[in-house]
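Novice: My questions will all concern the structure given below.
The values are calculated or read from the model by the stated rules, or taken from the named source; none is laboratory data. All values reported here derive from a predicted model rather than from experimental measurement. Here the Cβ positions follow ideal geometry from the backbone for every residue, glycine too, while neighbour counts run over all protein chains shown.
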Amino acid sequence: MIENTPPVAAREHTVESFTREFLRELNFGQGVDLDRASANDKYLALSRTVRHYLTTRWLETLRNQYRDQAKTVAYLSAEFLLGPQLENAMLAADLDEIANESLRALGVDLDELRALEIEPGLGNGGLGRLAACFIDSLATLNVPSVGYGIRYEYGIFRQTFEDGAQVEKPDTWLRLGSPWELPHPEHAVEVSFGGHTVEAEGGNDGARTWVPDWRVAAVPYNYMVPGYRNGRVNTLRLWSARATHEFDLQIFNAGDYAEAVRARTFAENISKVLYPEDSTPQGKELRLQQQYFFVAASLRDFLETVLPADFDLHRLPDRITWQLNDTHPVIAVPELMRILVDERGWDWADAWAVTQKVFAYTCHTLLPEALEVWSVDLLGRLLPRHLEIIYRINEEFIEEVRAAFPGDELRVRRMSIIAEQPERAVRMAHLATVAGFKVNGVAELHSQLLADKVLHDFAQMWPGKFTNVTNGVTPRRFVRLANPGLSGLITEAIGDGWITDLEQLRGLEPLADDAEFRRRFREIKAANKRHFADVLLARDGIEIAGDAMVDAMVKRLHEYKRQSLKLLHIVSLYEGITSGRIPLDAVTPRTFVFGAKAAPGYVRAKETIALINAVGATINADASLQGRLKVAFPANYNVTLAEDLVPAADLSEQISLAGKEASGTGNMKFALNGALTVGTDDGANVEIRKLVGDENFFLFGMTEPEAADLSARGYDPGAYYESDPQLKAALDLLASGVFTGGERGGAVASIFASLTERDRFMALADFRSYMDAQSRVDAAYADHEAWSRSAVLNVARTGFFSSDRSIQDYLDRIWGARPVTQNR
Ligand code: F58
């Protein structure tokens with residue numbers, strides 16, 4: 001490898017050298033002078049300047065990685081919801097102060113540049129954001145690792161509201177160019193699709209030859225993933241689809257120019273757009289194409305470019321773990337088998353022995369309908385060889401089941417990788433569980449329910465395979481960057497070690513009893529609220545009181561998350577006030593903040609959004625409620641907005657039906673920033689409550705066993721509606737059309753009927769308990785000192801939820817990889 005001298009040695013940066021680099025980028029990169037530079041010119045020049053500093057470290061990391069050949073973790077994920085890059089890169093490179101000073105001297109407004117950044121929204125929600133937190137922690141913990149995913153040209157749709165209804169617009173995140181990616185078309189790899197298989201020549205057991213009928217090129221785009229001030233910069237490699245030359249030639253030679261261009265578009269469609277589904281996967285052909293596309297490119301990349309040419313693949317388990325982020329990358333299992341058996345000539349048994357040692361699977365759901373299946377018909381058409389391989393894996397697996405449980409054919413049918421009903425289909429979670437050497441859930445309760453319910457048969461067969469790794473979030477982005485005020489206060493009190501060792505927040509516990517500390521804590525919260533109010537006004541034209549309680553419910557819109565229960569709380573308050581049952585001056589001033597995108601085809605979710613907006617419009621227009629109640633539903637909630645909202649929140653709503661939310665990660669972000677949680681005994685809420693203590697958490701609702709029991713006995717929401725006058729009044733008010741200009745049909749009728757007739761997620765059963773919890777919230781909030789004591793304790797006791805700890809758990813329980821320290 002050629003050693004070259006980097007333009008600026010990373011150790012020696014000063015304000016002067018930074019300024020020089022920045023101006024050089026402006027002149028030679030953008031072709032403008034400082035006086036004529038647009039804000040975008042300055043943003044791009046600044047980003048590239050920061051990038052240069054990191055590049056030195058990046059190259060060094062790559063060199064060391066190649067030299068050491070240490071065990072590597074490849075995080076395979078169809079989504080990485082990265083959020084804005086500039087500030088995080090500056091922080092990691094320890095350039096934040098230098099850059100600030102340099103720009104101030106040049107008269108450049110950093111905030112203005114920051115506001116220009118368009119975040120790469122390459123994910124739907126929690127799963128994609130978790131992947132982004134994990135690669136941050138992997139780098140910070142010095143773990144040799146690489147993230148592999150898809151460079152969608154359009155990320156998660158931009159949500160707008162028209163008359164309160166969600167309208168989706170394309171997310172053109174690349175329109176101003178992205179300074180954070182480095183394309184490498186010369187390293188493109190080919191990915192094949194379709195065709196048929198023929199007998200192989202080699203004669204090794206299990207081999208066939210795949211004769212595909214079309215190919216696309218996968219072009220890698222590299223992103224730097226800097227560790228926090230540790231000299232390591234890992235790589236995130238996202239693949240973009242491009243038509244191959246072969247593709248062009250064939251068709252251009254046939255003389256049909258228009259057809260050739262159309263065919264190019266067809267190939268390039270693969271990485272065009274992120275599927276905006278949450279919780280229920282779509283069985284779309286293009287989606288399977290995306291999955292195989294990025295997985296095949298990533299496997300080839302690792303086997304052919306990361307590993308030395310003479311590497312003995314029998315040692316693969318010592319060199320890599322492929323972590324499968326949900327089932328989206330599971331097609332990697334038959335792909336590795338195909339490479340080993342068909343391309344490398346291994347016998348089936350040898351290949352299977354290695355394959356079973358290199359994949360581990362993380363499951364992120366509990367909803368049965370969210371488990372991905374691919375019809376045999378589609379899979380066989382797109383990936384005929386992979387289907388054959390899956391069949392053989394299944395045959396051998398079923399023999400194993402029969403041997404372990406003789407005569408239990410029902411069990412065999414339940415466990416089979418191939419489902420027969422309603423159509424023949426491949427159950428990807430079963431394939432992942434059979435092939436993976438470990439399967440993990442994402443919170444204690446979730447992992448328990450996976451083993452007891454969703455994958456019970458598998459846990460009986462292989463109890464040692466199942467484990468838990470509770471999710472976490474990166475403290476760099478979600479505390480240090482998002483909440484500079486609180487970060488400063490913490491650092492003043494306990495030093496700055498918490499940024500990479502979040503358990504140190506425990507050191508704040510005694511300060512919860514220190515009145516002066518609490519006062520400063522409150523001041524910071526108040527300033528964060530004012531900042532959030534400014535952001536909402538500028539971003540959405542929404543005006544909120546700077547000092548009301550900020551009560552936040554932000555997450556994808558889904559029935560199991562129960563935004564409708566939150567809505568019933570608001571409607572009930574409104575009903576109480578307007579009917580005179582609740583005196584106005586007894587109402588705690590609250591701003592209810594919603595952030596939620598609905599999958600474009602999820603009708604009930606969209607109706608819920610429309611209804612929240614309708615109720616919000618009515619309440620916000622009511623002069624008598626000014627300064628008391630306000631509903632703020634900014635459109636297009638994303639990572640950028642989260643960074644402003646989370647530090648401002650007082651109350652975090654985590655109100656899913658127990659047993660449905662795998663973990664949640666927003667719950668962690670809020671608690672770490674000193675919001676108190678009103679929540680059910682679900683997902684990671686359970687662990688949050690245990691850590692912060694019952695007295696600092698507002699628990700309500702049925703437990704998972706209670707909910708399961710009620711459901712088994714036969715749940716009748718109508719009975720709750722009839723027997724709780726307050727619930728009835730709220731639902732009746734909703735149904736009356738007062739919020740919808742007299743309209744009682746449409747969303748109103750639909751949501752009313754769904755709640756009172758079926759109520760799949762038992763919102764009505766938990767309503768009473770939820771309202772009581774909210775009364776306790778009001779009472780607690782009235783005592784500022786006690787509330788801030790609880791808030792400080794929430795911060796002090798939730799250090800466990802750092803994604804650094806999650807990654808350490810993955811290392812210990814699953815990966816068996818070790819951190820490798822860089823030369824600083
Ligand atoms: C989420 N899943 C879980 N899926 O719902 C949440 O409890 C958990 O905290 C989080 O994962 C991280 O473990 C989730 O976000 C998706 O967005 C999938 C996208 C692709 C289609 C299916 C849903």
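Novice: Identify, please: which residue in region 453-491 is among the β-branched types (Val, Ile, Thr) and not in a helix (DSSP H, G or I) and is, among those, farthest from Leu508 (Cα to Cα)?
Specialist: Here the answer is Thr467.
Novice: Continuing with this model, one more query. Scan region 296-321 for residues that are part of a helix (DSSP H, G or I) and within 20 Å of His187 (Cα to Cα) and jot them down.
Specialist: Within region 296-321, Ala296, Ala297, Ser298, Leu299, Arg300, Asp301, Phe302, Leu303, Glu304, Thr305, Val306 meet the criteria.
Novice: Another question, then. Taking the condition of being more than 28 Å from the chain's Cα centre (by Cα) and in contact (Cβ under 8 Å) with a residue 24 or more places away in the chain, how many residues in region 752-789 meet it?
Specialist: Of the residues in that region, 25 qualify.
Novice: OK, next. Can you tell me which of Leu445, Leu449, Leu431 is surrounded by 20 or more Cβ atoms within 10 Å (Cβ to Cβ) and within 23 Å of Arg208 (Cβ to Cβ)?
Specialist: Going through Leu445, Leu449, Leu431 in turn, just one is surrounded by 20 or more Cβ atoms within 10 Å (Cβ to Cβ) and within 23 Å of Arg208 (Cβ to Cβ): Leu431.
Novice: Pick out, from region 628-697, the strands (runs of 3 or more DSSP E) lying fully within it that include 2 or more residues that are touching a Lys or Arg at 6+ places or on another chain (Cβ under 9 Å) and β-branched (Val, Ile, Thr).
Specialist: The qualifying strands (runs of 3 or more DSSP E) are 676-679.
Novice: Residues of region 226-259 being over 30 Å from Glu97 (Cα atoms), modelled with pLDDT of 95 or more and buried (at least 19 other Cβ atoms within 10 Å of the Cβ), which ones?
Specialist: Answer for region 226-259, where residues must be over 30 Å from Glu97 (Cα atoms), modelled with pLDDT of 95 or more and buried (at least 19 other Cβ atoms within 10 Å of the Cβ): Leu238, Trp239, Ser240, Ala241.
Novice: Glu706 passes all but one of (1) closer than 14 Å to Glu653 by Cα; (2) away from the ligand (no atom under 16 Å from the Cβ); (3) acidic (Asp, Glu); which number fails?
Specialist: (1)
Novice: Take Pro717 and decide whether it is without any contact (Cβ under 8 Å) to a residue 60 or more places away in the chain and over 19 Å from Ser775 (Cα atoms).
Specialist: So Pro717 fits the description; yes.
Novice: Does Glu523 satisfy being more than 27 Å from the chain's Cα centre (by Cα), surrounded by fewer than 23 Cβ atoms within 10 Å (Cβ to Cβ) and not in a helix (DSSP H, G or I)?
Specialist: No; evaluated as a whole, the condition is false for this residue.
Novice: Quick check, is Thr280 among the β-branched types (Val, Ile, Thr) and within 16 Å of the ligand (Cβ to nearest atom)?
Specialist: Criteria met by Thr280.
Novice: In addition: (1) surrounded by fewer than 17 Cβ atoms within 10 Å (Cβ to Cβ); (2) within 11 Å of the ligand (Cβ to nearest atom); (3) part of a helix (DSSP H, G or I): which one isn't true of Thr265, the others all being true?
Specialist: The failed condition is (2).
Novice: Does region 351-370 include one or more residues that are at pLDDT 95 or above, acidic (Asp, Glu) and assigned by TED's automatic domain parsing to the domain that holds Glu79?
Specialist: No, region 351-370 has no match at all.
Novice: Being assigned to a helix (DSSP H, G or I) and either without any contact (Cβ under 8 Å) to a residue 24 or more places away in the chain or more than 16 Å from the ligand (Cβ to nearest atom) (or both) is the filter here; which residues of region 423-452 pass it?
Specialist: The answer is His430, Leu431, Thr433, Val434, Ala435, Ser447, Gln448, Ala451, Asp452.
Novice: Only one of Val295, Val306 is over 18 Å from the mean Cα position of the chain (by Cα), modelled with pLDDT under 95 and under 22 Å from Arg237 (Cα atoms). Can you tell me which?
Specialist: Val306
Novice: Quick check on region 293-311. Is at least one of its residues within 13 Å of the ligand (Cβ to nearest atom), surrounded by 21 or more Cβ atoms within 10 Å (Cβ to Cβ), over 30 Å from Asp452 (Cβ atoms) and in contact (Cβ under 8 Å) with a residue 60 or more places away in the chain?
Specialist: No - not one qualifying residue is present in region 293-311.
Novice: To continue, here is another question. Restricting attention to region 64-119, and to residues there that are in a helix (DSSP H, G or I) and in contact with a Phe, Trp or Tyr (Cβ under 7 Å, 6 or more places away or on another chain), which single residue is farthest from Asp301 (Cα to Cα)?
Specialist: Ser102
Novice: Testing Pro334 on (1) of a type outside the set (A, V, I, L, M); (2) within 16 Å of the ligand (Cβ to nearest atom); (3) buried (at least 22 other Cβ atoms within 10 Å of the Cβ); (4) not in a loop (DSSP other than H, G, I, E, B), one condition comes back false. Which one is that?
Specialist: Condition not satisfied by Pro334: (2).
Novice: Evaluate region 199-207: report whether one residue or more is part of a strand (DSSP E or B) and surrounded by fewer than 18 Cβ atoms within 10 Å (Cβ to Cβ).
Specialist: yes
Novice: Now, a different point. Considering only region 753-764, how many residues are farther than 16 Å from Ala605 by Cβ and part of a helix (DSSP H, G or I)?
Specialist: 3
Novice: Let me ask something else about it. Tell me, yes or no, whether region 382-390 has at least one residue that is part of a loop (DSSP other than H, G, I, E, B) and touching a residue at least 60 places away in the same chain (Cβ under 8 Å).
Specialist: For region 382-390, residues part of a loop (DSSP other than H, G, I, E, B) and touching a residue at least 60 places away in the same chain (Cβ under 8 Å): present.
Novice: Does region 535-553 hold any residues that are in contact with a helix residue (DSSP H, G or I) (Cβ under 9 Å, 6 or more places away or on another chain), in a helix (DSSP H, G or I) and free of Cβ contacts under 8 Å to residues at least 40 places away in the same chain, and which are they?
Specialist: Matches in region 535-553: Ala538 only.
Novice: Also, quick follow-up: Quick check on region 364-376: of everything there that is in a loop (DSSP other than H, G, I, E, B) and within 9 Å of the ligand (Cβ to nearest atom), which residue is farthest from Leu445 (Cα to Cα)?
Specialist: Glu372
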